[in-house]
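The values are calculated or read from the model by the stated rules, or taken from the named source; none is laboratory data. Since the model is a prediction, treat every value here as computed from it, not as a measurement. Counting neighbours? That spans all protein chains shown, and the Cβs are built from the backbone with ideal geometry, glycine included. For accessibility, only protein heavy atoms count, side chains too; no ligands or nucleic acids. Shrake-Rupley method; radii C 1.70, N 1.55, O 1.52, S 1.80 Å.
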Amino acid sequence: MAKMAIYPGTFDPMTRGHEDVVHRAAATFENVLVAVAGSTGKNTVFNLERRVELASEVLADLPNVTVVPFNGLLNRFAASQGDCVLVRGLRAIGDFEYEVQLANLNRRMKPAVETIFVAASQKYQFLSSSMVREIASLDGDVSDFVHPVVNQALLSVYNTGK
Ligand code: COA
């Protein structure tokens, strides 16, 4: 029986939607490892170290949650962590196809690695990291969508909020 959940993602940056999934996982599993991916094929605004740093600050109040970076294949990383399950959030029907594909590919490569899905809060159905980045880059207010430390980091990157 897995006591640990791994919640993988790019987290560029972590949003309130991701936080919601972490809180749900942390209430269900003894330990949650938030695994920040280095290899995602995405051009990120924040480098891996900064994404880990920001997620760690955002989740500092959760004693059973740890944030770590990983590189390479997710299923290999998960298998190296012993008994664990992968957790992914489902926001809307649009997430379903991609998430099932990801889960099946991971299972095909490492059958021992199971993926479970958490229904994201309706409040954050519309959120995505790229939307948050776009709004911030256009001098919009994203303070409702991200933790204050992430908001500050976005303001520094885009030099907005003057
Ligand atoms: N709330 C808010 N936003 C959410 C969300 C939620 N609950 N769940 C997902 N999202 C957003 C993410 O921020 C991201 O938004 P963006 O594209 O606007 O930046 C989008 O939904 C999903 O992005 P996606 O790339 O599908 O997932 P991810 O960034 O969460 O993580 C990995 C993808 C890291 C799991 C995957 O790339 C991976 O495993 N990489 C390692 C290499 C590997 O093993 N590849 C083979 C996989 S089979």
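What to note about this one:
- Remark: accessible surface ordering of F96, F77, F46 (largest first) is F96, F77, F46, probe radius 1.4 Å.
- Whole-percent carbon and sulfur share, accessible surface of region 1-106, 1.4 Å: 51 percent
- The gain in end-to-end length when the D61 to V157 segment is fully stretched comes to 32.0 nm, 0.36 nm per residue minus the alpha carbon separation.
- Long-range HN-HN contacts of V67 with modeled amide H, under 5 Å: V34
- Annotation: amide H of G89 within the under-5 Å range of V118, sequence separation 5 or more or interchain, hydrogens built in the peptide plane.
- Solvent-accessible surface of region 4-128, averaged per residue with a 1.4 angstrom probe and all protein chains in place: 52 square angstrom.
- Think of the chain as having a plus end and a minus end, set by charges on the Cβ of Lys, Arg, Asp and Glu; of N151, S80, A120, S80 sits farthest toward the positive end of this dipole.
- Computed from Cα positions, the angle between helix 93-109 and the longest principal axis of the chain comes to roughly 40 degrees.
- The chain: C-alpha pair distances exceeding 25 Å, %: 28 percent
- Here K42 is the anchor, and the aspartates and glutamates within straight C-alpha reach of less than 12 Å, apart from those fewer than 8 places off in the same chain, are D12.
- All other residues whose Cβ lies under 13 angstrom from that of V67 are scored, Lys and Arg at +1 and Asp and Glu at -1, for a net of -3.
- Converting phi to 3J(HN,Hα) with the Karplus coefficients 6.51, -1.76 and 1.60 and the offset θ = phi - 60°, region 42-52 yields 9, 7, 8, 7, 9, 6, 4, 4, 5, 5, 5 Hz in sequence order, with x at every glycine or proline.
- Contour excess over end-to-end distance, with Cα ends at E49 and Q125 and 0.36 nm allotted per residue: 24.6 nm
- The chain, dipole about Cα centre (Lys/Arg Cβ +1, Asp/Glu Cβ -1), debye to the nearest 20: 420 debye
- Estimated dipole of region 84-161 in Debye, rounded to 20 [Cβ of Lys and Arg +1, of Asp and Glu -1, Cα centre]: 400 debye
- Under the combined filter of DSSP loop state and at most 12 neighbouring Cβ atoms within 10 Å, region 3-49 retains these GluC sites (Glu not before Pro): E30.
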